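Have a look at the structure below before the remarks.
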Amino acid sequence: MARFVKGHGLGNDYLVMEAEAIDFPFGPAAIRRICHRSWGVGSDGILLRVPSEVADAGLRIFNPDGSEAEKSGNGLRIFAKYLWEHGGLRKSPMTIETQGGVVEASCHVQDGRVREVTVEMGRVTFVAPEIPMHGPEREVVGVPLQVGDRFLTITACSVGNPHCVVFTERLDEAEVRRLGPKIETHPAFPNRTNVQFARVEARDRVAILVWERGAGYTLASGSSSCAVAAAAVRNGLMDRRVTVTMPGGELGVEVREDWSIRLQGPVEEACTGELSPDLVDALRRREPLPWE
């Protein structure tokens, strides 16, 4: 039975599913249909629990366009809550294996439910080949990037997945929606990239808007928050403990001296359910969406 739990971190929502319970071809076309908000259940992605030989649980993260992500701060918090409340893993901290490495998650429980999760996101790198980003081997900190007829000053990094941060005096959603996809697919980034526009408000506070790789404009992103905090520290703009504000809410990020990152924020469950026979039949027939 293809059951799911739908959760969100500040409005960034995912479906959690068990790989062993899926009885239809699970590939990009199926992921796009399930995630579609009219033709499927609707979500910003799927968190698929898989076996792990090196951690308490394994996780594969899929974007709504069918591509796979290495790591997701919001996704990891949602997944940790799922493991605690549905997955038979009442352990804190717990370890989770992702395509971007093994992370540690600690659940904060109140009245029997996980209300917040702290995630050790690993170390950030600004070195071009490690992001990855084309060009000479150097730290990509405050460098120019031509996007169409504009030159933007960017700081690029990886926290297990790639990010491109643009510090700005003014946040403009229309500009993020216009430039975000151009930066995401810029030839400089061979694996595409997540994009953040950031306005520093104080030494301990920054506001951001996010264009997420494979998902588009999103209300919140945990890994993006980590990337912006790290980029701000690297550029000397902020201290090491910061609050990141997004349209969906706030997350706390700590950037340590060794460039390891701790992320903490709320998580909520929206609903539980199972894919209907009609949807499962369409998935078994590998039916594409009408425009594909």
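Here are a few things to note about the model shown:
- Residue count for the stretch 146-166, restricted to those that are in a strand (DSSP E or B), touching a Ser or Thr at 6+ places or on another chain (Cβ under 9 Å) and farther than 17 Å from residue 235 by Cβ: 1
- Residue within the stretch 76-85 that is surrounded by fewer than 20 Cβ atoms within 10 Å (Cβ to Cβ) and either small (Gly, Ala, Ser) or without any contact (Cβ under 8 Å) to a residue 12 or more places away in the chain (or both) present: no
- Residue identified as in contact with a Gly (Cβ under 9 Å, 6 or more places away or on another chain) and outside the structural domain of residue 163 (by TED's automatic domain parsing) among 19, 55: 19
- Residue, nearest to residue 84 (Cα to Cα), within the stretch 269-292, restricted to residues that are touching a residue at least 40 places away in the same chain (Cβ under 8 Å), surrounded by fewer than 17 Cβ atoms within 10 Å (Cβ to Cβ) and of a type in the set (D, E, K, R): 274
- Hits in the stretch 136-157 (condition: over 19 Å from residue 167 (Cα atoms) and surrounded by 12 or more Cβ atoms within 10 Å (Cβ to Cβ)): 138
- Note on the stretch 196-235: residues that are under 14 Å from residue 63 (Cβ atoms) and of a type in the set (A, V, I, L, M, F, W, C) total 3.
- Restricting attention to the stretch 255-268, the residues that are of a type outside the set (Phe, Trp, Tyr), over 13 Å from residue 8 (Cβ atoms) and surrounded by 16 or more Cβ atoms within 10 Å (Cβ to Cβ) add up to 5.
- Of all residues in the stretch 184-212, those satisfying the criterion of being among the polar types (S, T, N, Q), crowded, with 18+ Cβ neighbours inside 10 Å and either in contact with a Pro (Cβ under 9 Å, 6 or more places away or on another chain) or touching a residue at least 60 places away in the same chain (Cβ under 8 Å) (or both) are 193, 194.
- Only residues that are touching a residue at least 60 places away in the same chain (Cβ under 8 Å), aliphatic (A, V, I, L, M) and under 30 Å from residue 113 (Cβ atoms) were counted in the stretch 234-268, giving 6.
- The one condition in (1) in contact with a helix residue (DSSP H, G or I) (Cβ under 7 Å, 6 or more places away or on another chain); (2) small (Gly, Ala, Ser); (3) outside any loop (DSSP other than H, G, I, E, B); (4) touching a residue at least 40 places away in the same chain (Cβ under 8 Å) that residue 122 fails to fulfil: (1)
- Here the stretch 1-58 is the region considered, the condition is being touching a helix residue (DSSP H, G or I) at 6+ places or on another chain (Cβ under 9 Å) and assigned to a helix (DSSP H, G or I), and the residue that is surrounded by the most Cβ atoms within 10 Å (Cβ to Cβ) is 34.
- Pick from the stretch 91-110, criterion of a type in the set (D, E, K, R) and at pLDDT 95 or above, ranking: farthest from residue 4 (Cα to Cα): 104
The values are calculated or read from the model by the stated rules, or taken from the named source; none is laboratory data. Worth saying up front: this structure is predicted, and the values here are computed from it rather than measured. Backbone-built Cβ (ideal geometry, glycine too); neighbour counts: all protein chains shown.
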